[in-house]
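K.L.:
Okay, here's the structure, questions in a sec.
The values are calculated or read from the model by the stated rules, or taken from the named source; none is laboratory data. No experiment lies behind these values; they were computed from the predicted model shown. Positions of Cβ are backbone-derived with ideal geometry, glycine not excepted, and every protein chain shown enters the neighbour counts. Note: areas computed on protein heavy atoms with side chains; ligands, DNA, RNA excluded. Shrake-Rupley method; radii C 1.70, N 1.55, O 1.52, S 1.80 Å.
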Amino acid sequence: MSKFAKFMKTNKIAKENVQHPVTKSICDENGKPLAWEFKHITSKENEVMRESCTIEVPVTGKSNMYRPKLKSALYIQKMIAASVVYPDLYDAELQDSYGVKTPEDLLMEMVDDPGEYSDLAAFVQKMQGFNVSFEDKVEEAKN
């Protein structure tokens, strides 16, 4: 038996998709907000998104020097869109009904209330594991 048996992929717990109502403006026939389905994204997917939302900005007073700057609103938008399983934000018919061509633009059209969008962003970040600091996780593991 391998000394790393407990770390093998077969022992890794699969993360379940989560249902969550997002907006009061899209409801069923009884007026109840429809639940959307969300999936967990991988660390690799997250890094690709983060990189795509990072730009180089000049350092003030230092010629030819640049520093990375994360376009955080775009990053959160991409994270949410990548997390949504249902409704399918990539569906052309759904995009056409809102007059948009990208999943991120569709998301912004469907959840057009700033408060609801803020709540959705907080929900997705927490679901993706951005709710607990690494130090808190270490303390929890010690106990």
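K.L.:
Tell me, what HN-Hα J-couplings in whole Hz come from the Karplus equation 6.51 cos²θ - 1.76 cosθ + 1.60 at θ = phi - 60° for each residue of the range 58-68, using x for Gly and Pro?
P.N.:
Using θ = phi - 60°, the values come out as x, 7, 4, x, 10, 5, 6, 10, 10, 10, x Hz.
K.L.:
Sticking with this one: Give the cross-link partners of residue 12 among the lysines, using a straight C-alpha distance below 27 Å as the criterion and excluding same-chain residues fewer than 8 apart.
P.N.:
By straight Cα distance, residue 12 reaches 3, 39, 44, 78, 126, 137, 142.
K.L.:
Something else about it: Non-local amide H neighbours of residue 85 (under 5 Å, H modeled in plane, Pro and chain starts lacking H): which ones?
P.N.:
Correct list: 37, 38, 39.
K.L.:
What does the charge count around residue 72 come to, taking other residues whose C-beta lies under 12 Å from its C-beta (Lys +1, Arg +1, Asp -1, Glu -1)?
P.N.:
Overall, the nearby charge balance is +4.
K.L.:
Let me ask something else. Given a 1.4 Å probe, how much area per residue of the chain is accessible, in Å²?
P.N.:
Using a 1.4 Å probe on heavy atoms only, each residue of the chain averages 74 Å².
K.L.:
Could you check how much of the accessible area of the chain is carbon and sulfur, as a whole percent, using a 1.4 Å probe?
P.N.:
The C+S portion of the solvent-accessible surface of the chain is 54 percent.
K.L.:
So for the chain, what are the equivalent ellipsoid semi-axes in whole Å, largest first, each being the square root of 5 times an eigenvalue of the Cα gyration tensor? Walk me through the intermediate numbers first.
P.N.:
Numbers: eigenvalues 180, 143, 47 Å².
In descending order, the three semi-axes are 30, 27, 15 Å.
K.L.:
What full-extension length gain, to one decimal in nm, is calculated for residue 54 and residue 4 as 0.36 nm per residue of separation minus the Cα-Cα distance?
P.N.:
Gain on stretching residue 54 to residue 4: 14.4 nm.
K.L.:
Now, a different point. What FRET efficiency would be calculated for the residue pair residue 94, residue 63, taking the C-beta separation as r and a Förster radius of 35 Å, to the nearest 0.05?
P.N.:
Efficiency computed from Cβ-Cβ geometry: 0.15.
K.L.:
DSSP loop GluC sites (Glu not before Pro) in the range 19-96 with at most 14 other Cβ atoms within 10 Å of their Cβ, which ones?
P.N.:
29
K.L.:
Is any helix in the chain, taking whole DSSP H runs, at least 18 angstrom long along its axis by alpha carbon and on average at least 0.5 on the Kyte-Doolittle scale, and which ones?
P.N.:
Counting only whole DSSP H runs, no helix qualifies.
K.L.:
Name the most mobile residue of 85, 59, 111, meaning the one with the largest mean-square fluctuation, in a Gaussian network model of the chain with Cα contacts below 10 Å.
P.N.:
Of 85, 59, 111, the most mobile in the Gaussian network model is 59.
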